[in-house]
Amino acid sequence: MKQYLNTVTSEWFNKRVMGAILCVVVAFSILFMRLFYLQIIKGEEFLRLSENNSIRLESIVAPRGLIFDAEGNLLVDNRPSFDLRIIPRNAKPLEQTLKKLARYTNIPEEDMMEEIRACNGMSSYKPVLLKQDIGRDAMAAIEVHRFDLPGVVMNIRPVRHYINGQHAAHLIGYLGEINAKELQRGAFEGCKSGDFIGRFGVEKTYEDLLRGKRGGRQVEVDVRGQVVKALRTVSAIPGRNLYLSLDYALQKKVEELLQDRVGAVVAMDPMTGYTLVMASSPTFDQNAFVSGMTRKEWKVLTSNPEYPMTNRVIQAEYPPASTYKIVTAIAGLEEGAIDSKTTHYCPGYYGMGNRVFRCWKRGGHGDVNVVRAIAESCDVFFYKVGEEVGVDKLAFYARMCGLGARTGINLENEGRGLIPTSEWKKKRIGESWQKGETLNVSIGQGFNLTTPLQMLVLTAAIANNGTLYQPQIVRRLETADGIEVKNIEPKVTGNLTLNPQTMDIVKKGLWEAVNTKKGTARGIKLDAYPISGKTGTAQLVTTKEPKRGETEKNDSLFNQNLPHAWFVAYAPSEAPRIAVAIIVEHGEHGSTAAAPIAKEVIKMYMEKQEEKKWLADAGDGKDMPE
Amino acid sequence: MGFDRRLVQYFDWGLMLLVIVLGAIGLVALYSAVTAGADIAQKILFTKQLIWYGAGLAAMVFFFLFSYKSLEKWADIIYGGCVFLLVVVLLFGKVTGGSQRWLLVGPISVQPSEIAKVAVIIILARYYSKYANERGFSFRGLINPIILTAIPFVLIVKQPDLGTAMVILLIAATMTLFVKIERRTLIYILSFGILSGPMVWYFLKGYQKQRILTFLNPDRDPLGAGYHIIQSKIGIGSGYISGRGFLKGTQNALSFLPEQHTDFIFSVLAEEWGFMGASVLLLMFLFFIVWGLNIAANCRDNFGTILAVGITTLIMWQVLINIGMVMGLMPVVGVTLPFISYGGSSIVTMMICAGILLNISMRRFQFEK
């Protein structure tokens, strides 16, 4: 009943429709008034503005963050690149303008015409890029004749400048122009076509922080396209400055030592994981990428058989060779296969079934215990240990030492390496594991593969009594005004859970390798800073035979048959400050090709630390009241 | 039941003519927008739009062939289907420019949020026609419509497509005001809104506040929305009294306008046809809306009346928001200009709206006493 009484009628609705129509008319009146205002009252003004297309948007490029080394030495900054553009429609008469431009800049007139034609814009309002980075002199000449050159626009754009050319190129990396796909994906916030983004190294992994944020301004321009006034401006925010953990002086020294050789050197503070040196040879010139690289240049670089674009420290995987005996020793001691007193007799070979496995020392080592076996790198001793422990337990300890997995360094394309197990072989190759292969694995040959960085992390863990650190390449990030935004703390990725005796025995072996008369690395003994280390000589399974007709005179082919030289070390032995891993491809012997580099690095670093300490003490002394 | 000859007799030829003329104006403006620019690839858009118009006309005819009373019966299914599509678009939709609005169906992409507007109108019309009374709706009576509006609203905000979400909210609010709210309830709702505003603001994150402030005042973003509005205003203003002539607009030709074929098509039109052209278009829209409301008034069936009001409201809000935006009166949101802007889903939806209005208009005799 109540429902019925309240039911609405069409007449009731009619009244409300009338109200609605009234509202609509009012709303439309406002639109009409606005239209009248814009088109009739302000029309003339807008017409003028539109005739010159005079309100433009200019973007303000954000300078990319600078890169320093740990001591604040500037490694990478930005320099201005003067880019020459022309607005064809404003540049009337075009031919004459181009002729003049050609005279001032030495850019052939035909080339410029080509660019304009390629952009399909003989009468376009869109600026056409004539040439990037025309240089300061050409820029000055154009500025002087500005009024003679209608439609010519000069853009100043900061570009990357790698102050020290090729040094630490793999670590720092380089930039490349953003491509259409990346733009569409929108992963690089605020990027426009023509922008450069990090393509390699730290430039790539820290791209988001280094890039900064583009600003811009609305400007009013006159008929010639010259800015009359800026209407509104949003300033750019420069990218973050980045402080590497790298010691540039040390890096430079290392790269000199590596010159003309193929290999890698990496060093870190074993107590924190901060990387001090990261060098890969051969290297490349990052400045060649700054203004874009031609297809030909790129091809030359990438088809080089020595792969200069590979960061060998993290990307190259080598058999660890005798440096792996650290792992075998740990496995043997922890599994009870040996103890500090166990001796094995080495006659220079080890027979298993009908196969003979040789020790590198033909005459044999005689009776050796584990410490001597490490120091003198006795293969037979470790064959026996490996045989007893077995491949799967060896793999367990290798993994505990961080091998076979990425270290987690903040760089792209890090290699994983390979630590074989019987299951892995079954799955991968489809065959069951052979006992003889265990012997090869236990001296770091066979299927084993590690990167220099993995070996470094392991060596550092021995040095610091068992902590695996993630290698860090950046110490901190700051704003352009020097306000710290991020401090990168050491990060522990694992621990060697070992008996204290095991660690002591391994350390003793490493110490003796350098500091006793029979040690494999005795040649690099330093009295001031005792070094502990392990050499390695990685036999190459597939050696390339020189082709018929070629003699051994052909150096590079001859060299390809030589084994790779390894050396891992830390110093000073008692209170380590630096750990190093070195590989020299086809360097033949770890003791002669790799170890001397370690010595130089350690010596230089330690002397520098000493000097710093001395200076700091002297500074303290000055403040002391007499 | 045989064919009722009165269906032809009462057919609303005027409205149909209006729709066709608006469509033609849209095509002319679009032609200019896509040919004058430097980007040749855009020319295909004109052909595409022609095809969409064809599809739209078919949809329009389809929607006046059966009685709109069926829409009342099918309201739940239409609404449910739209909500389902909105969920699907959130899960599997194509991501473009940071938002997920499109569903790929073979070679074409459709925007479910467009048709969701109509679904909300239909379901609200059914609810309100059932419970409308002269005292107006109390808060209890509004719970249902609030939920029915909130579900698609939230799903569309999630995409995010703030423009369309806002339009849905405005349509629902307008329809609700049309069927009347109890005075006391209205006061409560208004005061709640006024009080809760600052509370919500307080809990928003910094960047969210920035986004809302920029939304309300494009001048805060001189490199983005603010710049677009300036260029749009220059475009409209430079049209002056008689316009610069077909295909002669320079703002348009230089691609100074963003989205010149979709959201900013009115600037192209106003630049080329001037105050005379632009006012004719405005008048035609006004005429359309008044016509739609007149259909609502002439309908003797509550569902039909409220449905017609809802449909007309949809067109009204899109016209007000779009033209208001390009003239710098409204926030910058992606809302299309009905019948004019480029876009398949938008055109087809608008033609369906026109079909429903024609439907209600030609069947007005059926409920006469």
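Quick note: the coordinates plus some simple rules give every number you see, no bench work behind them. Keep in mind that what you see is a predicted model, and the values were worked out from it rather than measured. Note that we place each Cβ from the backbone using ideal geometry, even for glycine, and neighbour counts take in every protein chain shown.
Work out the length of the dipole vector of the range B:1-121 about its Cα centre, built from +1 on the beta-carbon of each Lys and Arg and -1 on the beta-carbon of each Asp and Glu, and round it to the nearest 20 debye.
Computed about the Cα centre, the dipole is about 80 debye.
Search the structure for amide H atoms under 5 Å from the amide H of A:Leu175, placed 1.01 Å from N in the peptide plane, and list their residues when 5 or more places away or on another chain.
A:Arg199
Given Cα pairs under 8 Å that are at least 6 residues apart, what percent is the relative contact order of chain A?
Averaging sequence separation for qualifying contacts and normalising by length gives 13 percent for chain A.
Residue farthest toward the positive end of the dipole of the protein assembly as shown, with Cβ of Lys/Arg at +1 and Asp/Glu at -1: which of A:Ile597, A:Gln184, B:Leu155?
B:Leu155
Give me a comma-separated list of calculated 3J(HN,Hα) values for the range A:139-154, in order, Karplus coefficients 6.51, -1.76, 1.60 applied at θ = phi - 60°, integers in Hz, x for any Gly or Pro.
4, 4, 4, 5, 4, 4, 9, 3, 6, 8, 10, x, x, 8, 10, 10
Cα centroids of the range B:326-356 and the range A:324-395: how far apart, whole angstrom?
The range B:326-356 and the range A:324-395 have Cα centres separated by 81 Å.
Could you list, bin by bin from short to long, the percent of Cα-Cα pairs of the range A:164-304 in 10 Å steps?
Going out from 0 Å in 10 Å bins, the range A:164-304 shows 10, 29, 29, 20, 8, 4, 0 percent.
Whole angstrom only: what separates the Cα centroid of the range B:163-208 from the Cα centroid of the range A:233-296?
One Cα centre to the other: 58 Å.
How large is ³J(HN,Hα) for each residue in the range A:358-371, as worked out from phi by the Karplus curve 6.51 cos²θ - 1.76 cosθ + 1.60 (θ = phi - 60°), to whole Hz, x for Gly and Pro?
Taking θ as phi minus 60°, the curve returns 8, 8, 4, 9, 3, x, x, 9, x, 6, 10, 9, 5, 5 Hz for the range A:358-371.
For every helix of n ≥ 4 consecutive DSSP H residues, a contribution of -39,500 (n - 2.57) applies; sum these over the protein assembly as shown, divide by its total residues, and give [θ] at 222 nm rounded to the nearest 500 deg cm²/dmol.
-15500 deg cm²/dmol
Let a ≥ b ≥ c be the square roots of the eigenvalues of the Cα gyration tensor of chain B; is it rounded (a/c under 1.5), or, if not, prolate (a/b larger than b/c) or oblate?
Oblate is the answer for chain B, as a/c is 1.5 or above yet b/c matches or exceeds a/b.
Projecting each Cα onto the charge dipole of the protein assembly as shown (Lys/Arg +1, Asp/Glu -1 at the beta carbon, about the Cα centre), which of A:Leu257, A:Val128, A:Ser81 comes out farthest on the positive side?
Checking the options against the dipole of the protein assembly as shown, the answer is A:Val128.
Please list, in chain and number order, the residues 5+ apart from A:Tyr349 or on another chain whose amide H is under 5 Å from its amide H, with Hs placed from the backbone.
HN-HN under 5 Å from A:Tyr349: A:Cys359.
Quick one: grab the alpha carbon gyration tensor of the range B:173-323, order the square roots of its eigenvalues as a ≥ b ≥ c, and give me rounded if a/c is under 1.5, else prolate or oblate depending on whether a/b is larger than b/c.
Oblate, since a/c reaches 1.5 and b/c is not below a/b.
Amide H neighbours of A:Val128 under 5 Å, counting only residues 5+ apart in sequence or on other chains, H built in-plane at 1.01 Å?
HN-HN under 5 Å from A:Val128: A:Ile86, A:Ile87.
How would the range B:68-203 be classified by its alpha-carbon gyration tensor: rounded, prolate or oblate, with rounded meaning a/c under 1.5 and the a/b versus b/c comparison settling the rest?
oblate
What Kirkwood hydrodynamic radius do you get for the range A:2-41 when you take the inverse of the mean 1/r over all pairs of distinct Cα atoms, in Å?
This gives a value of 12.6 Å.
Partner chain Cβ atoms within 10 Å, averaged over the residues of A:22-33 - can you pull that number for me?
5
Would you mind counting up the charge near A:Leu129? Only other residues with Cβ under 14 Å from its Cβ, with Lys and Arg at +1 and Asp and Glu at -1.
Neighbour charge sum, excluding A:Leu129 itself: -1.
So which residue, out of B:Phe11, B:Phe303, B:Phe203, gets the largest mean-square fluctuation from a GNM of chain B using Cα contacts under 10 Å as springs?
It is B:Phe203.
Given +1 on the Cβ of Lys and Arg, -1 on the Cβ of Asp and Glu, and no further charges, what dipole in debye does chain A carry about its Cα centre, rounded to the nearest 20?
1580
Largest first, please: the extent of the C-alpha atoms of the protein assembly as shown along each principal axis, to the nearest Å.
121, 81, 80
Per-residue HN-Hα couplings for the range A:419-431, Karplus 6.51 cos²θ - 1.76 cosθ + 1.60 at θ = phi - 60°, whole Hz, x for Gly and Pro?
10, x, 10, 5, 5, 4, 5, 4, 5, 7, 10, x, 10
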